[in-house]
Amino acid sequence: MTRRKHLKQSEVRTLPNVFHSKQPGLDKLIRTYFNNNNPFTLELGCGNGEYSNTLAQKHPDRNFLGIDRAGARIWAASKASLNLNLHNTAFVITYVEKLLEIFNQPVVDEIWIPYPNPLPHRRKMKKILTNPAFL
Ligand SMILES: C[S@@+](CC[C@H](N)C(=O)[O-])C[C@H]1O[C@@H](n2cnc3c(N)ncnc32)[C@H](O)[C@@H]1O
């Protein structure tokens, strides 16, 4: 791992709009962060957060929650959101497989999975977020 990536991974958990799956009561923490009853949009595999942050700017009356397993990408998503002064985006570092552990009741109104994998290798098809097993 490069030093830069390592630094991002250390810093990412200190950012105010970033959560991770091991935090107890995560569902409640996220609701408290947004502090409203606006509808939720979930972006699975949000990477650097371009979709969530852009959509959040266009729809200030919705909450956008980006999920990705890669801490360094969530760091970039979080920093972009903070630089844009967005209060309706938050990010969770986790595998999407753990989502049902986070939300113990249905709260999401919309799910986006943009660009899940540009060039899927046959062997990796089962791990792509749009694979029927995930859906
Ligand atoms: C090709 S990138 C797309 C990023 C973003 N959606 C975009 O369009 O710019 C796919 C992303 O999905 C994430 N990802 C893949 N499988 C995942 C899983 N099981 N749980 C969480 N994130 C996953 C990867 O870390 C990566 O950031």
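Within the stretch 99-128, restricting attention to residues that are under 18 Å from Ser21 (Cα atoms) and surrounded by 14 or more Cβ atoms within 10 Å (Cβ to Cβ), which residue is modelled with the highest pLDDT?
Among those that are under 18 Å from Ser21 (Cα atoms) and surrounded by 14 or more Cβ atoms within 10 Å (Cβ to Cβ), it is Leu99.
Hey, could you check the stretch 54-81 for residues that are within 14 Å of the ligand (Cβ to nearest atom) and part of a strand (DSSP E or B) and say which is surrounded by the most Cβ atoms within 10 Å (Cβ to Cβ)?
So, considering only residues that are within 14 Å of the ligand (Cβ to nearest atom) and part of a strand (DSSP E or B), the one surrounded by the most Cβ atoms within 10 Å (Cβ to Cβ) is Gly66.
Run Leu84 past the list (1) under 19 Å from Asn17 (Cα atoms); (2) surrounded by 16 or more Cβ atoms within 10 Å (Cβ to Cβ) and report the number of the one that doesn't hold.
(2)
It is to be established whether one or more residues within the stretch 6-14 are touching a strand residue (DSSP E or B) at 6+ places or on another chain (Cβ under 6 Å) and acidic (Asp, Glu).
No, that holds for no residue.
Can we say Glu101 is closer than 25 Å to Thr2 by Cα and among the acidic types (Asp, Glu)?
no
The values are calculated or read from the model by the stated rules, or taken from the named source; none is laboratory data. Bear in mind that the values here come from a model prediction, so they are computed numbers and not experimental data. Every residue, glycine as well, gets a Cβ built from its backbone with ideal geometry; the counts of neighbours run over all protein chains shown.
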